[in-house]
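The values are calculated or read from the model by the stated rules, or taken from the named source; none is laboratory data. Computed from a predicted structure; not experimentally measured. Cβ: placed from backbone, ideal geometry, glycine included. Neighbour counts: every protein chain shown. Surface accessibility is based on the protein's heavy atoms, side chains included, excluding ligands, DNA and RNA. Shrake-Rupley method; radii C 1.70, N 1.55, O 1.52, S 1.80 Å.
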Amino acid sequence: MKTFLLAAVLTLLLSTSAAHAADSTMIPHLETRGRATQLIVDGRPWLILGGELNNTAATDAAYLEAAWPKLTRLALNTVLVAVAWDWIEPEEGKFDFSVLDGVLAGARKNRQKIVLLWFGSWKNGVSTFAPAWVKADQRRFPRVRVGSGSAIEVLSPFGEAALAADTRAYVALLEHLERVDAQHTTLMIQLENEVGITGDSRDRSEGASRAFASQVPAELLQWLQEHRTSLSPELLAAWQAAGARSAGTWQQVFGTDLKADEIFMAWRYAQYMGHIAAAGKAVYPLPVFTNSWLARADNVPGDYPSGGPEPLTFDIWKAGAPAIDLNCPDISVAGFDQIVRVFHRPDNPLFIPEGLGVAAGVANVFYAVGAQSGLGYSVFGIDNTVRLVMFPPVLGTAPPTDLESLPLAKGYAALRELTPMILEHQAQGTIDAAWLSAGKTSQEFDLGGYRLRFELRRTFWDQKFMTDLGYGIAMAAGPDEFYIVGADVQVTFQPRTPGPSIAGLAVDEAGHFAGMHFVAERKLNGDDIMLNYKLAQQAQVNQSGSGARFGPEGPTIQHIKLYRYSP
Ligand code: DGJ
């Protein structure tokens, strides 16, 4: 009887786990929950608090072994790590997944999730991570040719053999993952890396030139017509300047300047990579994204990889690669808030695969997840911890030792604590964030019936003296109630609904979250909340003179309840 029972229980367990494996809704995927699209892992939304390892770190087992504990100390929950074509298929048709398996084992042991970066045909636009058997066979795998006529070390996206071989390798990778990753350690895949042509605005190889002289495919033109009202202003302008034609060659439709070259290349790269993404998804449908090397103001296409997803070419990618879920910006330049507003669209959730890790980077994470419903953020070169203290890193600088005290670690720790709250408020649309610097010392937004004004924190003694970096996320918790997490900011409130015109602080308490539950630690009042003693002046602008202040030690969390009175 006992044996029979045991067998029955075992059969039940096995059939449940088999059903689980087959249940594709358990595979990490993107899902729209209320007002936000989120990454769902094992049935729950996941916020990526990540870092990307240096390009080849994964191949160095001893180095990696030493790096994992640092990542835990930095409060990361997700590591972006490369898997290169050359590492898995050094000989054609013979696959070796030992590097990947080592990464998966290390991640699991150190309780990290991973996002894989597929360095296949291109990495930063060039083809150095393709296997030697690909690189050496120029006839079978044609190269891009630039204006001078020279072939460069870049596989031509017009090469059909390269597309077929890259697809085969990528599918083998996903087949392997599907077999070995029932734990869902891998959350998403970045396809290739910062693609596009550098050195010229378009590929001038034979196949490419033929395609450039041909008609723009009807399917692209139809897509543009159908999405006319939501196209990026840059693309719409280029199309309209050339007469908004519904047929013609690339130059007839998009003009005779370099924009036509860039749009042409974008269409081809999108088709190439869209094909790879679709083939991979047929095997194991993890979310797929691209990353972009962004054009700078004084750049022409070719200074940056021409054809990658940029504001001009974004819609071309959407049209050409429906199997790619999102196109993401790599951001190490100023103006983070403006850049992410361009990349976050109804058809494109926001994720930053490569960002800064210094204090300004923490402000960026807060803005991405708080103001733009971001899926998360990842610091480039996280294993080089000097980058978390200074950017660009100065050669020879000693790495920091007290990792837990770094701005990034403190910022990620606060966000980890708040993750369930943040994800819930993203879905409900009851969250926003401020991103302040010396060039933008205040920011206002409406939330929960109030206008919140964030300013850089001033010193108590000298109102003119401000910090030069501050950030904060606010969540509306109920009527007249907020949770705010921030550093180096002060926040005041202005009612936006009928009733008495001044908001005073009824409750302001510092504390922490345990799950969705706030645990108060200190009642804030007096010097903690007084921002301005000129009360008569303050009353005239419907202010009480007090507000929530967040110091440099944070980010810290405050629970705030407001009451209202008439002046
Ligand atoms: C951006 C690339 O995507 C990364 O792989 C790396 O090469 C960095 N640039 C270097 O800072």
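Distance between the pseudo-spin-label points of H227 and Q183 (7 Å out from Cα toward the beta carbon): 3.8 nm. Note on E226: accessible area approximately 120 square angstrom, rounded to 10, probe 1.4 Å, nucleic acids and ligands left out. Kindly identify region 248-298 as rounded, prolate or oblate by the Cα gyration tensor criterion: order the square roots of the eigenvalues as a ≥ b ≥ c, call it rounded if a/c is under 1.5, otherwise compare a/b with b/c, prolate if a/b is larger, else oblate. Oblate.
What is the magnitude of the charge dipole of the chain about its Cα centre, with +1 placed on the Cβ of each Lys and Arg, -1 on the Cβ of each Asp and Glu, and no other charges, expressed in debye to the nearest 20?
Details: 47 positive and 59 negative charges, 163 e Å.
Value, rounded to 20: 780 debye.
Here the Karplus curve 6.51 cos²θ - 1.76 cosθ + 1.60, taken at θ = phi - 60°, turns the phi angles of region 484-491 into couplings of 10, 10, x, 9, 6, 9, 10, 10 Hz, with x standing for Gly and Pro. In order along region 520-536, the phi-based Karplus estimate (6.51 cos²θ - 1.76 cosθ + 1.60, θ = phi - 60°) of 3J(HN,Hα) comes to 6, 10, 9, 7, 9, 6, x, 4, 5, 10, 6, 10, 7, 7, 7, 5, 5 Hz; Gly and Pro are listed as x. Accessible surface ranking for S405, S442, 1.4 angstrom probe, highest first: S405, S442. The figure for K94 is an accessible area of roughly 120 square angstrom, using a 1.4 Å probe on the protein chains alone. Put D166, D298 in order of accessible area, highest first, and with a 1.4 Å probe you get D298, D166. Solvent-accessible area per residue in the chain equals 41 Å², computed with a 1.4 angstrom probe and all protein chains kept.
Defining a contact as two alpha carbons under 8 Å apart and six or more residues distant in sequence, what relative contact order in percent does the chain show?
Values: 1191 pairs, mean separation 68.6, N = 567.
Relative contact order comes out at 12 percent.
Rounded, prolate or oblate: which fits region 441-505, taking a ≥ b ≥ c as square roots of the Cα gyration tensor eigenvalues, rounded meaning a/c under 1.5, else prolate when a/b beats b/c? Show your work: numbers first, answer last.
Details: a/c = 2.47, a/b = 1.71, b/c = 1.45.
Prolate, because a/c is 1.5 or more and a/b exceeds b/c.
Using only alpha carbons, build the gyration tensor for the chain and give me the equivalent ellipsoid semi-axes, biggest first, whole Å. Mind showing how you got there, number by number?
Values: eigenvalues 377, 192, 103 Å².
Working from the Cα gyration tensor, I get semi-axes of 43, 31, 23 Å.
For E175 and K70, FRET efficiency with R0 = 41 Å and r from the beta-carbon atoms, rounded to 0.05?
Step by step, r from the Cβ atoms, then E = 0.80.
Assuming R0 = 60 Å, can you tell me the calculated FRET efficiency for the pair R111 and R564, based on Cβ-Cβ distance, to the nearest 0.05? Walk me through the numbers before you get to the answer.
Numbers: r = 46 Å, r/R0 = 0.77.
The computed FRET efficiency comes out at 0.85.
Net length available on complete extension from S150 to E404 is 86.4 nm, with 0.36 nm assigned per residue and the Cα-Cα distance removed. For T128, the amide hydrogen comes within under 5 Å of the amide hydrogens of K123, counting only partners 5 or more places away or on other chains and with H modelled in the peptide plane. Inverting the pair-averaged 1/r between distinct Cα atoms of region 97-199 gives 15.0 Å as its Kirkwood hydrodynamic radius.
Using a 1.4 Å probe on the protein chains only, how many percent of the accessible area of the chain belongs to carbon and sulfur? Ligands and nucleic acids excluded, carbon and sulfur give 55 percent. With a simple spin-label model that places each label point 7 Å from the Cα along the Cα-to-Cβ direction, the separation between E206 and S501 comes to 7.8 nm. Close amide H pairs (under 5 Å, H built 1.01 Å from N) link V41 with W46, residues at least 5 positions away or on another chain.
Rounded to whole numbers, the Karplus 3J(HN,Hα) couplings from phi for region 336-344 are 3, 4, 6, 5, 5, 5, 6, 7, 8 Hz, using 6.51 cos²θ - 1.76 cosθ + 1.60 with θ = phi - 60°, and x at Gly and Pro.
In this structure, the amide hydrogen of K113, modeled 1.01 Å from its nitrogen in the peptide plane, lies closer than 5 angstrom to those of T78, V79, counting only residues at least 5 positions away or on a different chain. With the simple model of a label 7 Å out from the Cα in the direction of the Cβ, M390 to N542 spans 4.8 nm. Accessible-area rank, largest first, for F97, F314: F97, F314, with all protein chains present and a 1.4 angstrom probe. Using a Förster distance of 41 Å, how high is the FRET efficiency between R416 and A213, based on the Cβ-Cβ distance and rounded to 0.05? Efficiency computed from Cβ-Cβ geometry: 0.15.
K318 sits with roughly 30 Å² accessible to a 1.4 Å probe, with DNA, RNA and ligands left out of the calculation.
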